[in-house]
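K.L.:
Structure below; questions to follow.
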Amino acid sequence: MSLEQFKEKRKQWIFCFSGDERHSIIRQIYNMVWNAAVFKVINEARRIATKNGQKQAELNGMLHRFIDRCFFDSQLLAVRRLCDLYPFEGSKGVFSLVSLIDDMKKHIELMTRANFFADEGLEYDIETIRQKEWKYFRKHTKNGSGALWIPNDVDSHSVEQRHNELDALTNVNKEQRSPNDTVSVDMLNFLIDKVTHSTDNIKLRVDKYIAHAASPESRQVINADEISLTLNCLWESHRIICQVANFLDMYLLSRTSHIFLPTPQYDHFEFIENPLVSAEQVELVSNAWHEFHCETESWGSWGITNLKEEMVTHVQAKQ
């Protein structure tokens, strides 16, 4: 029964990690890393931009401050979401790297050596698979075959490699292997600590400045105003999140290794040499600003008369 439970639970974990779901962990990571790559391109463009007499880049400050603000907010939120510690099942479930590892801990009794081998369709006994491999080899060499491709079901190397991996994952010596060897809880705790330690300041920053407009008293409790984040802090959190995610999928989930920056299926530098607008079009975009300015001015004239009128309309609509 535990094997069936393990198969079902592992399917849930794989769906959470890489399933066809907009919030799958791997999709979150791909989006985060892609946006980071785009920002690196923008930063390089700033570095090589034409400079004025004061050695300042001739780039629009309003636009680039907007890019910076939106980039940092979205990136910090992306990291924060991947570190949420909530169940990934139920009405309040979330798909995060930490929630996935935490659920593995809760079902650690299912993560045995025997269950991994059975679910992956591998022969457990090395000597048995070696005998099958040798028979396959003799049969095909007898028929005069040259180079051989060894099918998975008679490949002793893959079985030995998986046993060696599970030795490390369960903290068991080769001589003491057992079908009941269980993945180490200490290892899973270390992975959680590795992720959370690298993202603690980001989490605090998001909680107090982005997700919530924390009051001065609230920020003072954790000295939030003293938290300083740099691009290096962000890249470090990316590196660790990707390392841990790849480790989980490679050794505990779908046995897949990832390249985290997606390969564009189009020319992603097309038209990058063109300016946002030409000199002749500046007046048009200026008009768009002015129109919105006038609209926002009108919002400030909403007063008591408007309130009374809307309250009457609201009551009538409810009747």
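The values are calculated or read from the model by the stated rules, or taken from the named source; none is laboratory data. Nothing here was measured: the structure is a model prediction, and the numbers come from that model. With ideal geometry, Cβ positions are generated from the backbone for all residues, glycine too; neighbour counts draw on all protein chains shown. Side chains are part of the model used for accessible areas, which takes the heavy atoms of the whole protein and leaves out ligands, DNA and RNA. Shrake-Rupley method; radii C 1.70, N 1.55, O 1.52, S 1.80 Å.
K.L.:
To make sure I understand the rule: partners must be aspartates and glutamates, Cα under 17 Å from the Cα of residue 105, and not fewer than 8 residues away in the same chain. Which ones qualify?
P.N.:
Leaving aside aspartates and glutamates fewer than 8 places away in the same chain, those within reach of residue 105 are 8, 84, 89, 181, 186, 193, 249.
K.L.:
Please find the FRET efficiency linking residue 236 to residue 310, where r is the Cβ-Cβ separation and R0 is fixed at 51 Å, and quote it to the nearest 0.05.
P.N.:
E(calc), rounded to 0.05, equals 0.50.
K.L.:
Expressed in nm to one decimal, what extension gain is obtained for the pair residue 85 and residue 49 from 0.36 nm per residue of sequence separation less their Cα-Cα distance?
P.N.:
Once the chain is fully extended between residue 85 and residue 49, it gains 8.7 nm.
K.L.:
Hey, another quick one. Considering only protein heavy atoms, what per residue accessible area in square angstrom results for the chain with a 1.4 angstrom probe?
P.N.:
65
K.L.:
On C-alpha positions alone, give me the angle between the axis of helix 126-142 and the longest principal axis of the chain, in degrees, nearest 10.
P.N.:
The answer is roughly 80 degrees.
K.L.:
In degrees from 0 to 90, rounded to the nearest 10, what is the angle of the helix 25-48 Cα long axis to the longest principal axis of the chain?
P.N.:
Once rounded, one gets 50 degrees.
K.L.:
Roughly how tilted is helix 61-82, in degrees to the nearest 10 and between 0 and 90, from the longest Cα axis of the chain?
P.N.:
40
K.L.:
GNM on the chain, C-alpha springs below 10 Å: top fluctuator among 57, 288, 118?
P.N.:
Evaluated over the chain, the most mobile residue of the options is 288.
K.L.:
Which values, in whole Å and largest first, are the semi-axes of the equivalent ellipsoid of the chain obtained as the square root of 5 times each eigenvalue of the Cα gyration tensor?
P.N.:
53, 28, 20
K.L.:
Now for a different question. Which of 269, 95, 247 moves the most in a Gaussian network model of the chain with Cα springs under 10 Å?
P.N.:
Per the Cα network of the chain with a 10 Å cutoff, 269 tops the list.
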